Amino acid sequence: SSVLEWPRVHSIAFGLGSKLTTRVGLNRLDMYVTELQSGNMSLGVEPVVVRELPSCALVDGRGGLGGYIGTFCMDLAIKKAKQTGVGVVVCNNSNHYGIAAFYSLQATRQGLVGVSMTNTRRLVCPTRSMPPPSLGTNPISVTAPTKTDPWCLDMATSTVPIGKVELYKRLEKKIPLGWGVDGTGALSDDPTAVLEQGGLAPLGGAEETRGYKGYGLAAMVEMFCGVLSGGKWGQQLGPWRKPSQGGERPAGLSHCFAAIDPHAFNPDFEEGMQGFADSLRALPVVDPQKPVLTAGDPELLKARQQAKLVVYDAKVVAALRQFAVPLGVPLPDFFPVVA
């Protein structure tokens, strides 16, 4: 089946591209397996275009693999942008799609400005609200071509992803105040209280530090994804579950993708974007050891330091082996044996 075409699955699962990260690659693979085994995610189904105009389309993901659905939708948005200057595709009835920038970079590699957004299962407590969480981390990615490497913004609308809090709990460390709230809705430095009783804080943290701006961005993503697509939004979505647990029902997530031909507006866009990015990098610095960076620079520097190798923590590889062996799935030879 084309749904399991190896190059696509490989690139989605391993997060190839300038946004190299283990957080949403192999580290979430066990969640995908659990969702497939439970029947909450369907294998071997193709997304369907429900409604279409020259510059836009609505897609039904039919409960399939989020990574495959996302690639399908952005490919369609790119096709429309090349024909009309702008392509916007929204999708409902989907699943966790991995790295938001994976899809926006699809467009940017073809000379287009790319936009990718998704809602998620509930993890975030909006400003002034009590737990349980009622919004997701709802990431946004916008990427643009330059004369060199793409400008690449990829951000959650929560202060941190849930994985950061889980890591601090494993290390038995307190989290910085502003990352999450406890069962009373108050900011907490206790990762266990945040994970088991409360939830994540929106980007910006407390109301006093303008956390309502992150809350507003998360709500905007819900509008573009859940509401615009006619899918589920906010409290209609289930709560986040640990990867080993899966969800209690199909995720029913929604995505929004856009591709824009910058040359329809500015024939010298790449030169202008390069000059803009370089002007930020050239700003006077507070610490000579810490140059000013722009969107995508940290990941690009990390990728260069790793000499094009994707580096995974030994615990991630060990966990991969632990659930792959009972399934009878042989791992590629390049995976080290972890004692």
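The values are calculated or read from the model by the stated rules, or taken from the named source; none is laboratory data. Worth saying up front: this structure is predicted, and the values here are computed from it rather than measured. Here the Cβ positions follow ideal geometry from the backbone for every residue, glycine too, while neighbour counts run over all protein chains shown. These area figures cover heavy atoms from the full protein model, side chains too; ligands, DNA and RNA do not enter into them. Shrake-Rupley method; radii C 1.70, N 1.55, O 1.52, S 1.80 Å.
Values as computed for the structure displayed
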{"quantity": "Where Val115 falls short, out of the listed (1) in a helix (DSSP H, G or I); (2) modelled with pLDDT of 95 or more", "calculated": "(1)"}
{"quantity": "Residues satisfying the stated conditions in the stretch 73-125, i.e. touching a residue at least 40 places away in the same chain (Cβ under 8 Å), over 19 Å from Gly238 (Cβ atoms) and of a type in the set (Ser, Thr, Tyr)", "calculated": "Tyr103, Ser104, Thr108, Ser116"}
{"quantity": "All positions within the stretch 220-236 that are assigned to a helix (DSSP H, G or I) and in contact with a helix residue (DSSP H, G or I) (Cβ under 8 Å, 6 or more places away or on another chain)", "calculated": "Glu222, Gly226, Gly234, Gln236"}
{"quantity": "In the stretch 29-38, residue farthest from Ile99 (Cα to Cα) [restricted to those that are of a type outside the set (Val, Ile, Thr) and open to solvent by less than 50 Å² (accessible area, probe 1.4 Å)]", "calculated": "Glu35"}
{"quantity": "Index of the failed condition, Leu153 passing every other in (1) over 30 Å from Asp278 (Cα atoms); (2) part of a strand (DSSP E or B)", "calculated": "(1)"}
{"quantity": "Only listed residue being surrounded by fewer than 17 Cβ atoms within 10 Å (Cβ to Cβ), at pLDDT 95 or above and not basic (Lys, Arg), chosen from Val59, Val9, Val50", "calculated": "Val50"}
{"quantity": "All positions within the stretch 127-144 that are in a loop (DSSP other than H, G, I, E, B) and crowded, with 22+ Cβ neighbours inside 10 Å", "calculated": "Pro133, Gly136, Thr137, Asn138, Pro139"}
{"quantity": "Restricting the stretch 82-103 to residues that are within 25 Å of Val33 (Cα to Cα), in contact with a helix residue (DSSP H, G or I) (Cβ under 6 Å, 6 or more places away or on another chain) and modelled with pLDDT of 95 or more, the residue that is surrounded by the most Cβ atoms within 10 Å (Cβ to Cβ)", "calculated": "Ser94"}
{"quantity": "Scope the stretch 270-293; condition of a type in the set (D, E, K, R), under 22 Å from Leu112 (Cα atoms) and open to solvent by less than 80 Å² (accessible area, probe 1.4 Å); matching residues", "calculated": "Glu270, Asp278"}
{"quantity": "Residues that are open to solvent by 70 Å² or more (accessible area, probe 1.4 Å) and outside any loop (DSSP other than H, G, I, E, B), drawn from the stretch 170-203", "calculated": "Arg170, Glu196"}
{"quantity": "Residue within the stretch 238-248 that is open to solvent by less than 10 Å² (accessible area, probe 1.4 Å) and modelled with pLDDT of 95 or more present", "calculated": "no"}
{"quantity": "Tabulated pairs, the stretch 138-152, first closer than 16 Å to Gly98 by Cα and at pLDDT 95 or above, second open to solvent by 40 Å² or more (accessible area, probe 1.4 Å) and small (Gly, Ala, Ser), C-beta under 9 angstrom, 6+ apart or interchain", "calculated": "Asn138/Ala219"}
{"quantity": "Leading residue by the ranking (farthest from Leu29 (Cα to Cα)) among those in the stretch 296-331 that are at pLDDT below 75 and open to solvent by 80 Å² or more (accessible area, probe 1.4 Å)", "calculated": "Lys308"}
{"quantity": "Single residue of the stretch 206-218 satisfying the filter (surrounded by fewer than 21 Cβ atoms within 10 Å (Cβ to Cβ) and of a type in the set (Gly, Ala, Ser)) that is nearest to Arg122 (Cα to Cα)", "calculated": "Gly216"}
